[in-house]
Amino acid sequence: MNKILVVARNEYFIAITSKAFLIGVIMMPVFMGGAIVVQYLTRDQVDLSPRKIAIVDPTGRLIDKIQQRAEARNENEIYSGEGDSRKQTQAAFHVEAYDDSGDSQQRADVVLTERVKQGDLFAFALIDPGVFDASKGGVIRYHSETPSYQTLANWLRDVVNDEIKQARITELNLSPESVMALSVRTPVRQFGLVEKSADGQVKDAKEENRILTFAVPFAGLMLMFMMIMSVAPAMLNNVLEEKMQKISEFLVSSITPFQLMAGKLLGAVAVGVTLSLIYLSATYGLASYYGFSSSVPASLYGWFLFYLLTGLVIFGSMFSAIGAACSEIRDAQSLMTPVMLLVIIPMMCLGPVLDSPNSLFARAVSMFPPATPMLMFARIAIPPGPATWEIVVATVLVLLFAVGCVWAAGKVFRVGVLSQGQSPSFAKLAKWVFSES
């Protein structure tokens, strides 16, 4: 055990005193803050080129209104500031009325498509003749060569629907007061459950912060994912590099291969926990500053560290075994792909789990040991959390799986760390694991 701790201590201090570790600790918040700064600095970097759109309006009732709304928008809505400080922040829209009644040889959409390709138009729209008839369900067909630009399409949709709504109000002879009364929406505010103390005192339910409810499990899962991706692949590279440089042969002359692997694994886990504690401390400080610290139960920090430890042990064992079994980086890359898929599974299942954390799917996938650390933590972080028996079963399964991974990795490490010139496969690794010698 002392030899394992010596290796772990050396691995840990070498890692945390390296420039890469210090740069990583500093650069992650710098990158996150830099992204916010870049978004702020580029918020006004908008293409202000005018967008010209041709409208085919067989009803004859909408085109004038659309042109008037476009002129009003260009005059008042695309600028910020007042007076001399007035600055254009959005592109102007120019609306052309296209009459296809005089050209019976070609379809309007064919002619207008050619004009878009030539750059004369940015887009064109074809309005169905029956848009004013609610029973027919007419549509507006918007055509553009730049479908990613949605501002013009959304503006046209809102303008046309406003005008159709006004026309229907007039036809039905509804008063403005009636329309306003029909349009008022009643908000729904979400609360937790009412609590009742032992002495019969009733405590009012707290209003739920939906953003915070989903931000905590999402942020925790992302941090856990980043720690695993930072530590586990680094173990593969470390073990493989020492093997290629014959350092491992020297080390195993003093300690057993399992002691070497266990020490490296323990040191890597300690590095991941250290990084997490740094980020968790910073997060807690920010939450306290803005008054959100009480919204995150203290037990949640404990569950995060527990599942982070199990995740690091599981994937650290897998990656260290691959590093010991391979003699070249090319072989390691082919073997690590399936393991990377296991790491990514929780990210692929995150959406359904956040949406329905107590569904059958969420329960099943959170009981799958490689995905348990991230997904069970996410479920615990979403009120009211899973049932106690689910947490117990998941915890037992993930602990047994982690122990099994360490045992299997030790068997592979014992054979693979001294083997040279072999191209390993999963079948060969399985043979090493279950060999009696």
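What to note about this one:
- Any hit, the range 206-227, residues being surrounded by fewer than 20 Cβ atoms within 10 Å (Cβ to Cβ), over 24 Å from Leu341 (Cα atoms), modelled with pLDDT of 75 or more and not small (Gly, Ala, Ser): yes
- Selection of the range 357-394 for residues being touching a Phe, Trp or Tyr at 6+ places or on another chain (Cβ under 8 Å), of a type in the set (Val, Ile, Thr) and surrounded by fewer than 23 Cβ atoms within 10 Å (Cβ to Cβ) yields only Ile382.
Each row is one residue, and each column tells you yes or no for (1) within 17 Å of Asp47 (Cα to Cα); (2) assigned to a helix (DSSP H, G or I).
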position: Lys65; (1), (2): no, yes
position: Gln68; (1), (2): no, yes
position: Arg73; (1), (2): yes, yes
position: Asn76; (1), (2): no, yes
position: Glu96; (1), (2): no, no
position: Asp99; (1), (2): no, no
position: Val110; (1), (2): no, yes
position: Thr113; (1), (2): no, yes
position: Leu121; (1), (2): yes, no
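- In the range 256-284, residue nearest to Ala325 (Cα to Cα) [restricted to those that are at pLDDT 80 or above and among the β-branched types (Val, Ile, Thr)]: Thr256
- Residue among Glu114, Glu96 that is modelled with pLDDT of 90 or more, surrounded by 13 or more Cβ atoms within 10 Å (Cβ to Cβ) and among the acidic types (Asp, Glu): Glu96
- Candidates Arg379, Arg414 - the one that is under 22 Å from Pro297 (Cβ atoms) and basic (Lys, Arg): Arg379
- For the range 400-432, a residue qualifies if it is of a type in the set (A, V, I, L, M), under 36 Å from the mean Cα position of the chain (by Cα) and surrounded by fewer than 16 Cβ atoms within 10 Å (Cβ to Cβ), and the qualifying residues are Leu400, Val403, Ala427, Ala430.
- If you go through the range 134-153 and keep only what is within 32 Å of the chain's Cα centre (by Cα) and either in contact (Cβ under 8 Å) with a residue 60 or more places away in the chain or surrounded by 11 or more Cβ atoms within 10 Å (Cβ to Cβ) (or both), you end up with Tyr142, His143, Ser144, Glu145, Thr146, Tyr149, Gln150, Thr151, Leu152, Ala153.
- Neighbours by Cβ (under 7 Å, 6+ apart or cross-chain): first from the range 348-374, without any contact (Cβ under 8 Å) to a residue 24 or more places away in the chain; second basic (Lys, Arg): Ala362/Arg379
- Remark: pairs (first residue in the range 97-108, within 25 Å of Lys65 (Cβ to Cβ); second residue at pLDDT below 80 and exposed (fewer than 12 other Cβ atoms within 10 Å of the Cβ); Cβ separation under 9 Å; 6+ apart in sequence or on different chains) = Asp100/Gln106.
- Any chance Leu240 is in contact with a Cys (Cβ under 8 Å, 6 or more places away or on another chain), in contact (Cβ under 8 Å) with a residue 12 or more places away in the chain, surrounded by 17 or more Cβ atoms within 10 Å (Cβ to Cβ) and under 24 Å from Ile23 (Cβ atoms): yes
- Test: residue in the range 414-424 that is assigned to a helix (DSSP H, G or I), closer than 25 Å to Ile255 by Cβ and not β-branched (Val, Ile, Thr): yes
- Condition met for Thr310 (without any contact (Cβ under 8 Å) to a residue 12 or more places away in the chain and under 23 Å from the mean Cα position of the chain (by Cα)): no
- The range 154-173: number of residues that are of a type outside the set (Asp, Glu) and either loosely packed, with under 12 Cβ neighbours inside 10 Å or without any contact (Cβ under 8 Å) to a residue 12 or more places away in the chain (or both): 8
- Any hit, the range 138-148, residues being among the hydroxyl-bearing types (Ser, Thr, Tyr) and at pLDDT below 85: no
- All positions within the range 287-298 that are surrounded by 10 or more Cβ atoms within 10 Å (Cβ to Cβ), in a helix (DSSP H, G or I) and out of contact with any helix residue (DSSP H, G or I) (no Cβ under 7 Å at 6 or more places or on another chain): Ser288
- Filter result (under 25 Å from Ser254 (Cα atoms) and without any contact (Cβ under 8 Å) to a residue 12 or more places away in the chain) within the range 379-413: Val403, Trp407
- Qualifying residue in the range 159-177 (condition: in contact with a helix residue (DSSP H, G or I) (Cβ under 7 Å, 6 or more places away or on another chain), among the polar types (S, T, N, Q), assigned to a loop (DSSP other than H, G, I, E, B) and farther than 28 Å from Phe93 by Cβ): no
- Among the conditions (1) assigned to a helix (DSSP H, G or I); (2) farther than 20 Å from Phe319 by Cβ; (3) more than 22 Å from the chain's Cα centre (by Cα), the only one that Pro384 does not satisfy is (1).
The values are calculated or read from the model by the stated rules, or taken from the named source; none is laboratory data. Just so it is clear, the model here is predicted, and its values are computed rather than measured. Reconstructed Cβ throughout: ideal geometry from the backbone, glycine too, with neighbour counts over all protein chains shown.
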